[in-house]
Amino acid sequence: MTLEVLSKKSAAQQYVDSVFEQLKQKNSHQVEFLQAAEEIFISLVPVFEQHPEYIEHNILSRIVEPDRIISFRVTWQDDQNQVHVNRGYRVQFNNVVGPYKGGLRFHPTVNESIMKFLAFEQIFKNSLTGQPIGGGKGGSDFNPKGKSDSEIMRFCQAFMTELYRHIGPDVDVPAGDIGVGGREIGYLWGQYKRIRGAYEAGVLTGKQPGYGGSLARKEATGYGLVYFVEQMLLDANETFEDKIVAVSGSGNVAIYAIEKAQQFGAKVVTCSDSSGYIYDPTGIDLEVLKEIKEVKGDRISTYVNYRPNAVYTEGCTGVWSIPCDIALPCATQNEINGDSARTLISNGVKVVAEGANMPSDLEAINEFLNNGILFGPAKAANAGGVAVSALEMAQNSSRISWTFDEVDGKLRNIMKSIYSESKEAAEKYGYAGNLVVGANIAGFVKVANGLLTEGVY
């Protein structure tokens, strides 16, 4: 970059570029974290142009540095009494809006970069919900697949034996994520109670209903995704009725996105797992999918044993070659690249909304936006899960329980509000229709203003 070119940039652009360069130098090996930061930074230049006080107080540099990163050893024994060692993490990124809040992920790919990217995204996602929760994330490179219940219990107990000292209802409230469902949360919660000698229900969310958990939590991210898309479609004078929907994944997010989309009249024709994908031209049989994944814990390939007219294909990326009106990536980060995006566009996709965290890379996002595709970014579209986690915290604090319909109604209103705030922020800062920019700005401004009021620390 020449000085002549640099001098033509606005002060806001120079500031954002400077902070990002510093971030790259400090975190050059953390690819996922830098990708998440770059996607947000691109959106924020117009904010700094209108709010020079954010530059004066160096808000961006303060937000991109976590409050703390906790890394610890987790030692546990398998059923053959063999000793194993895993690494645990908790990234407490920002608590301006409320206590740190974000899931625990147990998966062999977990590393510090992924934890930081997820925690960073969580700051803005949680801000968008309007609930008093900050951003955090954690997990371990432990792989629960193939482990017995006893092995998973022993690992969770060992994990919580270290984690408990860093969390609390008003400090940091973990939840579930990939590899951490109701079973794991139960084991973690039991160990926390034993160590603390107290019933602090608000310290973990995702607990089983009847034991401090909230109804509709399991469904929340998938339902919330569809409620967000519902608002996108309404603004385009459309509905889900008779739309063809492609979904990736087959965990909670995918299953309940499929369920709600079908309730709204759509035909969902795909789902997937890490081994491959299913195409069912007559529509995914939800009861079969739940039997395979929630009851038996089998691979998605067994779907064709129940539905012989469906087609199973090994490999996951091909799921985006199926023509559809609406695409809902609900599997994992970077599952849609530029080539997949171009295939979706050429096959007539009209709407793409992210159920997973950062499932579209930057090239894919640009393809969607440049071709007029309605695009719902993850930090807005998949915020339903953490929104209901916050509702679980509220119920725990008040010692009350809401019905499924009460929670679902609150969730729908929250997703409607997130869409409206993202849309309005995009319009205010000159990017009408761009929900990526709108969601980033709407989430960021609340946190930035909080940092200004709290002073330098």
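A few points about this structure:
- Scoring GLY224 on the criteria (1) small (Gly, Ala, Ser); (2) within 26 Å of LYS410 (Cβ to Cβ); (3) in contact with a Phe, Trp or Tyr (Cβ under 7 Å, 6 or more places away or on another chain) leaves a single failure, condition (3).
- Yes/no for GLY265 being part of a loop (DSSP other than H, G, I, E, B), of a type in the set (Gly, Ala, Ser) and touching a Phe, Trp or Tyr at 6+ places or on another chain (Cβ under 7 Å): yes
- Unique match (being under 30 Å from GLY224 (Cβ atoms) and either surrounded by fewer than 24 Cβ atoms within 10 Å (Cβ to Cβ) or without any contact (Cβ under 8 Å) to a residue 40 or more places away in the chain (or both)) among ILE63, ILE69: ILE69
- Just one of the listed residues (GLU287, GLU294) is out of contact with any Ser or Thr (no Cβ under 6 Å at 6 or more places or on another chain) and free of Cβ contacts under 8 Å to residues at least 12 places away in the same chain, namely GLU287.
- Some residue of region 198-212 being farther than 25 Å from PHE120 by Cβ, at pLDDT 95 or above and crowded, with 22+ Cβ neighbours inside 10 Å: yes
- Answer from THR109, THR75 - the residue that is assigned to a loop (DSSP other than H, G, I, E, B) and either crowded, with 24+ Cβ neighbours inside 10 Å or out of contact with any Cys (no Cβ under 7 Å at 6 or more places or on another chain) (or both): THR109
- Test for VAL269: is it over 14 Å from SER250 (Cα atoms) and in contact with a strand residue (DSSP E or B) (Cβ under 8 Å, 6 or more places away or on another chain): no
- Hits in region 198-219 (condition: among the aliphatic types (A, V, I, L, M) and touching a Ser or Thr at 6+ places or on another chain (Cβ under 8 Å)): LEU215
- Filtering ALA246, ALA175, ALA198 for residues that are outside any helix (DSSP H, G or I), without any contact (Cβ under 8 Å) to a residue 24 or more places away in the chain and of a type in the set (A, V, I, L, M) leaves a single hit, ALA198.
- Residue in region 321-342 that is under 19 Å from ALA266 (Cα atoms), assigned to a helix (DSSP H, G or I) and touching a strand residue (DSSP E or B) at 6+ places or on another chain (Cβ under 6 Å) present: no
- Filtering region 15-38 to residues that are among the charged types (D, E, K, R) and crowded, with 20+ Cβ neighbours inside 10 Å leaves only GLU32.
- Filtering region 129-158 to residues that are free of Cβ contacts under 8 Å to residues at least 60 places away in the same chain, part of a helix (DSSP H, G or I) and in contact with an Asp or Glu (Cβ under 7 Å, 6 or more places away or on another chain) leaves ILE152, CYS156.
- Within region 78-91, the set of residues being free of Cβ contacts under 8 Å to residues at least 40 places away in the same chain and either in contact with a Lys or Arg (Cβ under 7 Å, 6 or more places away or on another chain) or assigned to a loop (DSSP other than H, G, I, E, B) (or both) comprises GLN80, ASN81, GLN82, VAL85.
- Condition check for GLY102: closer than 30 Å to ASN434 by Cα, assigned by TED's automatic domain parsing to the domain that holds PRO174, in a strand (DSSP E or B) and not charged (D, E, K, R): yes
The values are calculated or read from the model by the stated rules, or taken from the named source; none is laboratory data. Small disclaimer: the values here were computed from a predicted structure and weren't measured. Quick reminder, even Gly has a Cβ in these numbers, built from the backbone with ideal geometry, and neighbours come from all protein chains shown.
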